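The structure appears right after this line, and notes come after that.
The values are calculated or read from the model by the stated rules, or taken from the named source; none is laboratory data. Because the structure is predicted, anything quoted here is derived from the model rather than measured. Here the Cβ positions follow ideal geometry from the backbone for every residue, glycine too, while neighbour counts run over all protein chains shown. Ligands, DNA and RNA are excluded from the accessible area calculation, which covers all protein heavy atoms including side chains. Shrake-Rupley method; radii C 1.70, N 1.55, O 1.52, S 1.80 Å.
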Amino acid sequence: MQKARAIIIREHGEPQAVAKLETLNLPSPAAGEVRVRVKFSPINPADINVLEGKYPIRPELPGTPGVEGVGIVEECGADVSGLAAADVVLLPHGFGTWREAGNVAALALVKIGSDVPLEQAAMLRINPATALVMLREFVTLQPGEWIVQNAANSAVGRCVIRLARHFGWRTVNVVRRTELVDELKADGADAVLVEGEKISAEIKSATGGAPIRLALNSVGGDSATRIAGALAFGGTIVTFGAMARQPLKIPNGMLIFQNIAWRGFWITHWYERAGRSAAATLLAELASLAARGVIATPVEAVYPLEEIAEALAHAQRPQRAGKILLRCSNP
Ligand SMILES: NC(=O)c1ccc[n+]([C@@H]2O[C@H](COP(=O)([O-])OP(=O)(O)OC[C@H]3O[C@@H](n4cnc5c(N)ncnc54)[C@H](OP(=O)(O)O)[C@@H]3O)[C@@H](O)[C@H]2O)c1
């Protein structure tokens with residue numbers, strides 16, 4: 001029997017305190033299963049919430065966190081077709097990706113080409129998918145239309161900027177740090193504004209008065225109210241994150257007189273609803289966009305599994321220049 005190291009949590013609490021590296025038995029893959037060597041997996045805000053016990057779905061304890069990642073097929077069990085050793089695969093929700101290797105149902109894997117950088121492939125399933133689906137599902141955007149978003153330098157936000165540029169839409173981007181303005185413009189943002197009390201008016205003037213029908217909110221609190229305040233009559237604000245950990249404040253008049261729709265989005269529900277075939281189609285599209293460099297999520301640092309505490313501390317720091325990745329196994 002082989003062994004594989006994995007991050008295990010036995011209780012919820014402060015992420016650095018509860019995540020431990022352990023060595024587990026790794027049996028041969030059963031029928032219908034594939035043994036995958038995990039290459040990279042990011043630490044997303046949702047992973048932090050999982051470790052804290054504050055996320056609606058989390059592994060049974062003891063369990064291995066990590067909701068997305070990329071791996072290489074090592075061995076196929078009986079009755080597996082369409083996959084072979086050395087294939088590059090995206091790992092499914094629920095696998096627990098912060099591990100060196102594991103067995104996973106072949107049908108749950110999505111094979112992608114080897115032309116996608118592995119670090120980028122590891123981060124396709126959550127943030128780029130969220131960005132692309134939100135841009136398509138809520139409002140049918142016309143060429144040249146404007147979108148507004150806050151936390152625009154987040155992984156999702158940067159993807160929104162690049163996808164919008166690629167598909168011919170324009171973005172007004174709200175950030176909380178002046179030093180990001182030029183950087184995001186260089187990445188394709190049409191307008192970048194710094195968070196503040198007058199931001200609704202500034203957003204409206206950044207579009208030259210053109211109506212905005214879609215706002216994407218991952219902050220909550222006042223920031224959400226302000227970007228919603230820049231929407232045209234009947235516009236939609238989609239809340240998909242709550243980085244400020246502040247409740248939404250929805251002025252009555254925004255609903256009564258402006259008819260603004262306040263909607264929510266969770267990519268986990270989308271995957272459940274869409275089914276395997278639609279998910280594979282979406283991920284193939286994202287893989288192709290990543291292979292061509294249309295989307296690229298910045299990475300600030302890569303840590304081996306044994307430095308999980310440092311990696312988790314780093315992932316919770318504000319003002320990062322990119323994602324924190326775990327290198328789950330060595331080349
Ligand atoms: N619903 C879904 O399906 C779904 C899918 C993907 C992501 N999300 C959510 O989307 C959000 C962004 O995720 P990500 O992985 O893209 O993030 P990320 O790359 O880790 O970046 C975090 C962003 O949040 C900003 N931020 C942190 N604390 C803040 C605060 N108190 N007020 C305002 N901004 C703050 C950071 O700004 P600085 O750089 O200035 O620190 C940065 O822009 C998270 O809430 C995540 O859970 C939801």
Among the residues that make up segment 133-145, is at least one of them within 16 Å of the ligand (Cβ to nearest atom), assigned to a loop (DSSP other than H, G, I, E, B), closer than 17 Å to GLY322 by Cα and assigned by TED's automatic domain parsing to the domain that holds PRO211? no
For segment 23-66: of the residues being open to solvent by 50 Å² or more (accessible area, probe 1.4 Å) and among the charged types (D, E, K, R), which is farthest from the ligand (Cβ to nearest atom)? GLU33
Residues that are farther than 16 Å from ALA105 by Cβ and part of a loop (DSSP other than H, G, I, E, B): does segment 24-40 have at least one? no
Out of curiosity, is ALA278 outside any helix (DSSP H, G or I) and either away from the ligand (no atom under 13 Å from the Cβ) or surrounded by fewer than 17 Cβ atoms within 10 Å (Cβ to Cβ) (or both)? no
In segment 238-274, how many are assigned to a helix (DSSP H, G or I), open to solvent by 90 Å² or more (accessible area, probe 1.4 Å) and near the ligand (Cβ under 9 Å from one of its atoms)? 1
Tell me whether segment 138-151 contains one or more residues that are open to solvent by less than 30 Å² (accessible area, probe 1.4 Å), farther than 14 Å from ALA287 by Cβ and among the aromatic types (Phe, Trp, Tyr). yes
Can you run down the residue pairs with Cβ atoms below 6 Å, 6 or more apart or on separate chains, where the first is in segment 14-25 and on the phi < 0 side of the Ramachandran plot and the partner is open to solvent by 90 Å² or more (accessible area, probe 1.4 Å) and basic (Lys, Arg)? THR23/LYS3
Tell me the residue from LEU118, LEU124, LEU109, LEU163 that is touching a Lys or Arg at 6+ places or on another chain (Cβ under 7 Å) and either open to solvent by 10 Å² or more (accessible area, probe 1.4 Å) or in contact (Cβ under 8 Å) with a residue 40 or more places away in the chain (or both), please. LEU118
Of all the residues that make up segment 127-137, how many are closer than 23 Å to ALA232 by Cα and open to solvent by less than 20 Å² (accessible area, probe 1.4 Å)? 5
Can you spot a residue in segment 206-225 that is in contact with a helix residue (DSSP H, G or I) (Cβ under 6 Å, 6 or more places away or on another chain), farther than 19 Å from ALA242 by Cβ, within 14 Å of the ligand (Cβ to nearest atom) and not acidic (Asp, Glu)? no
Hey, can you tell me all the residues within segment 196-205 that are open to solvent by 60 Å² or more (accessible area, probe 1.4 Å) and within 16 Å of the ligand (Cβ to nearest atom)? GLU197
Verdict on ALA290 being out of contact with any Cys (no Cβ under 9 Å at 6 or more places or on another chain), open to solvent by less than 20 Å² (accessible area, probe 1.4 Å) and either more than 15 Å from the ligand (Cβ to nearest atom) or of a type in the set (Phe, Trp, Tyr) (or both): yes
Residues of segment 301-316 being in a helix (DSSP H, G or I) and more than 10 Å from ALA19 (Cα to Cα), which ones? LEU305, GLU306, GLU307, GLU310, ALA311, ALA313, HIS314, ALA315
Assess whether VAL50 counts as being under 19 Å from LYS323 (Cα atoms) and touching a Pro at 6+ places or on another chain (Cβ under 8 Å). yes
